[in-house]
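First the structure, in the form of structure tokens, and then the observations on it.
The values are calculated or read from the model by the stated rules, or taken from the named source; none is laboratory data. Please read all numbers here as calculations on a predicted model, not as lab measurements. Every residue, glycine as well, gets a Cβ built from its backbone with ideal geometry; the counts of neighbours run over all protein chains shown. Just so you know, the surface numbers come from the protein's heavy atoms only, side chains and all, with ligands and any DNA or RNA stripped out. Shrake-Rupley method; radii C 1.70, N 1.55, O 1.52, S 1.80 Å.
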Amino acid sequence: MFSCNVHDKSSDNAENVTLKQTVQGKFDEKLWTSPIEKDRLNQDISSVQSVSKNIALTPAIINSSSFAKNLPPVYPYLEGFSLVDENSVSEQVRDVALNFCRSLSSSEKLDGYFISSSIYELSLFLLDLKNLWIQCFDEPFPEKNNPGSENAENLENAENLSEENNLKEKKLPPLFAEFIFGHGEESDIQAELPVRLITEKKNYVDVLLYFCVFNENWKINQIEILNAGGKNEF
């Protein structure tokens, strides 16, 4: 005598269809966002041009390949300041900016970097810088004379100090120890460049230099203090 259990396959099919419909219904009920950079997500990055597929990719290999050399540069961003991209302006503009920052730091004359009609801008900037220094850094502005002021030089000459006293006079350290150029803009006749001026104590002052072409040379025609703060985090 034989007995067997007859399995109803139609019942399984009905259950599978029901389960599939349930899952699909749950899926359709969800609110899905559009994929970000879908093309890049589907891109095969297991190999790159100019590197054999038999070579395991490492950062060093990719950086030394011709593929990496053709990629656009990626510049760091300094929080609260700018992209650090000094190549955004010409070498001529950078040279004027760098020499101005060095002269400011050394308390040298600054008039020559400005067009004559903008000397008043320089005077206002120096006054604002000294007031800002006391307010933000909680210390007096470190100066012997006003940087960039010709009157200060005349006053020193008027005092007629002896050579011996001049030798004993303490030499002040540079006002700023480091300069960082941000991302600037330049046209044929105008340019602007943000600069972060950093002190030895890592305090900083952010300024924006405006340039124009005067007698075929780049000159500063305006300077604006953007920000100032404590320890520089760059």
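Inside segment 189-216, residues that are modelled with pLDDT of 90 or more, in a loop (DSSP other than H, G, I, E, B) and over 24 Å from Pro76 (Cα atoms) make up a count of 1. In segment 116-132, the qualifying residues are those that are of a type outside the set (Gly, Ala, Ser) and touching a residue at least 40 places away in the same chain (Cβ under 8 Å), and the one that is nearest to Glu224 (Cα to Cα) is Phe125. For segment 73-104, the set of residues classified as out of contact with any Lys or Arg (no Cβ under 6 Å at 6 or more places or on another chain), outside any helix (DSSP H, G or I) and at pLDDT below 90 consists of Pro73, Val74, Tyr75, Pro76, Tyr77, Leu78, Glu79, Gly80, Ser82, Leu83, Val84, Asp85, listed by residue number. Could you tell me which numbered condition Ser107 fails, if it satisfies all but one of (1) assigned to a loop (DSSP other than H, G, I, E, B); (2) open to solvent by less than 30 Å² (accessible area, probe 1.4 Å); (3) not acidic (Asp, Glu)? Failing condition for Ser107: (2). Residue-level check: of (1) part of a strand (DSSP E or B); (2) free of Cβ contacts under 8 Å to residues at least 60 places away in the same chain; (3) over 17 Å from Ser88 (Cα atoms), Asn221 misses just (2).
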